[in-house]
Amino acid sequence: MKTFLSFVNKELKHIFRDRRTMMILFGMPLVQMLLFGFAITTDVRNVRTVAVTSSMDKLTQQVIERLDASEYFDIVAQASTTEEAEMLIRNTRADMAVVFSPRFADHRYRGDARIQLIVDGTDPNMATLQTTYASQIVRDGMMAGMPSSANINTPTVSTKLLYNPQMKSAYNFVPGIMGLLLLIICTMMTSVSIVREKERGTMEVLLVSPVRPLMMMVAKAVPYFLLSFLILTGILLIGRFILGVPIMGNVSLIYAVSLLYILLALSLGLLISVIAQTQVVALLASGMVMLIPTLMLSGMIYAVESMPEILQWVSCIVPARWYISAIRKLMIMGVGLEQVVHEVLILTGMTVFFLSVALLKFKKRLE
């Protein structure tokens, strides 16, 4: 028994002395618990809302102010027509529009007061929550300040879903799955390319060759880039003809943005391959470590706007967030390049950064 306890004591000392083991045992569960606890949320937060009314009467103003005062909706603009409001949603400057019928205040006693909620339906679950919250706030706003004996008819609230009137979940998940698969697969493929040479002992041969580091890294990435093009084509075909997700935007533009994203993923994989010492470490870094942040913080499953502000800032460094946002706009909403310039610039900057750091790290190994 004494021998057994001594072995247990020895193993405990090894564990407590190894910082990496302690980080895995205590650091990762803590980080994941905080991440899951705050990121996994179906709450509605900060919905950018447009108020559409032809006449701003007292009751309409009261309902609008009640929406804006809630923690769920932010009135970002007012419009006079539904077409103007839909254009704001299409240009991603708003998420929902509240349309009041003409002479809304005069019609509430007659029972024909109407309100229409126009919402982006690319995420059907979030669209349902937004309309439910807005309907309740509108009804509460109608009754605010009125005596209980007053004969007030509840307004008719209708809903119009843009881009996804059938509320198919595939409209939301296909762009998200594209962002996840392309990032994980492309990063994992290239993450073992250079570290494989280290483990096989052939890196010395490459180092003394006349090929420059940049050309070597490009040569490593080109085959995977071509294979990724085939993977992208397969994903788009499955999404269009099997899952029934329409491609509303320009196909060439979708391919261009996707190939930029693939180049970013390959660059990230090369950076991991340069830093890692073994293929196992490279695969863990490119697969397991990147999987959870991409799932939780990219907007694939949970809306980024509903997360705490600190996680919204953290999500900015997740490449999939910007790609998924751009692809949803291009595929489902059918917008043009001018509506995704912001995402394209960020993806381009990340690609240049990853390539530059990978090249610098590779040069340091030549010294």
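The values are calculated or read from the model by the stated rules, or taken from the named source; none is laboratory data. Just so it is clear, the structure is predicted and the values come from calculations on it, not from any experiment. Every residue, glycine among them, receives a Cβ derived from its backbone with ideal geometry; neighbour counts consider all protein chains shown. Keep in mind that these areas ignore ligands, DNA and RNA; they rest on the heavy atoms of the full protein, side chains included. Shrake-Rupley method; radii C 1.70, N 1.55, O 1.52, S 1.80 Å.
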I'd like the Karplus ³J(HN,Hα) series for region 280-287: coefficients 6.51, -1.76, 1.60, θ = phi - 60°, whole numbers in Hz, and an x wherever there's a Gly or Pro.
5, 5, 5, 5, 5, 5, 7, x
With the cut-off at 1.5 for a/c, could you classify region 294-367 from its C-alpha gyration tensor as rounded, prolate or oblate?
oblate
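Leaving ligands, DNA and RNA out of it, report the carbon-plus-sulfur percent of the accessible area of region 217-367 at a 1.4 Å probe.
75
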Per residue, how much accessible area does region 289-367 have with a 1.4 Å probe, in Å²?
47
What distance in nm separates the two pseudo spin-label positions at Glu199 and Leu253, each 7 Å out from Cα along the beta-carbon direction?
4.3
Computed FRET value (nearest 0.05) for Asp57 with Ser356, which takes r as the C-beta separation and R₀ as 45 Å:
0.15
What residues qualify as long-range amide H neighbours of Lys160, i.e. H under 5 Å apart, gap of 5 or more or another chain, H built at 1.01 Å from N?
Leu117, Ile118, Val119
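Can you classify region 245-338 as rounded, prolate or oblate using the Cα gyration tensor, where a ≥ b ≥ c are the square roots of its eigenvalues, rounded means a/c under 1.5, and otherwise it's prolate if a/b beats b/c and oblate if not?
Here region 245-338 falls in the oblate category.
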Sequence ranges 293-303, 167-177, 239-249, 346-356, ranked by mean other-Cβ count within 10 angstrom, highest first:
293-303, 167-177, 346-356, 239-249
